[in-house]
1. Give me the distance in nm between label points sitting 7 Å out from Cα along the Cα-to-Cβ direction at Ser152 and Lys31, one decimal.
2. In whole angstrom, note down how far apart the Cα centers of region 130-170 and region 88-108 are.
3. On a full-extension model of 0.36 nm per residue, what is the gain between Asn96 and Tyr74, subtracting their alpha-carbon distance, rounded to one decimal in nm?
Amino acid sequence: MEMAKKSVLIFLILFCWGTACQKRDDIQIIKENLESLVHMAERKNLEKIIGQMSPDYLDFEGRNISQTIELIDYYFRHYSGIAIHLLDVSVLLTGNEAQAKTEVLLSSGPLETLRRVAGFVGSFYRFDFRLKKIGQNWKITYSKWEEIEANSLRPSSRAILKKLFPDFLN
């Protein structure tokens, strides 16, 4: 009888651990995908960025994938030396759908050089992504972004920013 209780307890622990790990794994995958998306944007890799989007993707202004390609291509042609610092990422997972909220620091070209020399930071943006799992991959179905002020950053973003630029928030 004691052995049966231990077996049930072990089974419950493994089941709960497995369920938690699965959710954590999907959340971690989504976070890693967003980190990869940042690197793709810095490298101006339009093809790989588009590969992260669902065929039914729309942004907050109703742009589909082809219109988004035009927007990103315009940005890539007009801005050099893109640097994106991913600050905070939070993910809410609901089955095969997820919502990810991020805050980033964006700078480019001469601004990035100035940031390095004089401590200039750049522009802050808040992104809201909706994703769905298609097969084994998480694809972006929706995105919204807005420029925000430094004083609007979430505390977790401010902590990351403080590590990147110790004197900025003083």
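1. About 2.5 nm separates the two model spin labels.
2. Each part reduced to its Cα centre gives a spacing of 6 Å.
3. Numbers: separation 22, 0.36 × 22 = 7.92 nm, distance 3.26 nm.
So the chain would gain 4.7 nm between Asn96 and Tyr74.
None of the figures in this text is laboratory data; all of them are computed from the coordinates on show. The structure displayed is predicted, hence computed values, not measured ones. Heads up, the Cβs are rebuilt from the backbone with ideal geometry, glycines too, and the neighbour counts pull from every protein chain shown.
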